[in-house]
Amino acid sequence: MFGKKTNKPQGRIDSLIGVGTSLEGDVTFTGGLRVDGEIKGNVRGTDGQPATLVISEHARIEGEISVSHLVINGTVIGPVHSSDFLELQARARVTGDVEYSTIEMHLGAVVQGRLVHQGLPAKAVELKLAASN
């Protein structure tokens, strides 16, 4: 009743890249992906599909990330684009610009780059204006 309302993703994790696993190349996925290992390449959610990426404290990604929901607690070297929700947990280390719509940043998280807020998509703004007439 009096609890704090959050926009945290409630999706399930469909795939796991485990500790000790290294991938070279781009990764595209739908649903949920948890990374505990290392990826050298871009990580993207499939266009138009909701995608949740969880980067654990043991993980490292070198490349561009573009997903709707993103939780970072590890190391990212490259630009980050989160179209819906971004959570930077205490051990997050991001080197690169970060674009987000909604952000939650915990004490201890570090971003070496710009934080850029992306407003509502143009269609959402148009719908609100049309509805107000």
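Looking only at region 38-52, which residues are among the polar types (S, T, N, Q) and either in a strand (DSSP E or B) or within 11 Å of the chain's Cα centre (by Cα) (or both)?
Step one: list which residues in region 38-52 are among the polar types (S, T, N, Q), which gives 42, 46, 49, 52.
Selection gives 52 alone.
Just to be sure I understand, how many residues within region 31-55 are crowded, with 19+ Cβ neighbours inside 10 Å, free of Cβ contacts under 8 Å to residues at least 24 places away in the same chain and among the hydroxyl-bearing types (Ser, Thr, Tyr)?
Residues in region 31-55 being crowded, with 19+ Cβ neighbours inside 10 Å, free of Cβ contacts under 8 Å to residues at least 24 places away in the same chain and among the hydroxyl-bearing types (Ser, Thr, Tyr): 0 in total.
Working only within region 17-30, note down all residues that are aliphatic (A, V, I, L, M) and surrounded by 15 or more Cβ atoms within 10 Å (Cβ to Cβ).
As a first pass, look at region 17-30 and keep what is aliphatic (A, V, I, L, M): 17, 19, 23, 27.
Scanning region 17-30 gives 17, 23, 27.
Look at residue 77 and say whether it is within 14 Å of residue 23 (Cα to Cα) and over 8 Å from the mean Cα position of the chain (by Cα).
Numbers: within 14 Å of residue 23 (Cα to Cα): no; over 8 Å from the mean Cα position of the chain (by Cα): yes.
No.
Working carefully through the options 95, 21, 28, 6, find the one that is modelled with pLDDT under 95 and more than 13 Å from the chain's Cα centre (by Cα). Before you say what the answer is, go through the steps one by one.
On the way: 95 fails: modelled with pLDDT under 95; 21 fails: modelled with pLDDT under 95; 28 fails: modelled with pLDDT under 95.
Of the residues listed, the single one that is modelled with pLDDT under 95 and more than 13 Å from the chain's Cα centre (by Cα) is 6.
The values are calculated or read from the model by the stated rules, or taken from the named source; none is laboratory data. Here the structure is a predicted model, which means the values were calculated and not measured. FYI the Cβ positions are ideal-geometry reconstructions off the backbone, even for glycines, and counts take in every protein chain you see.
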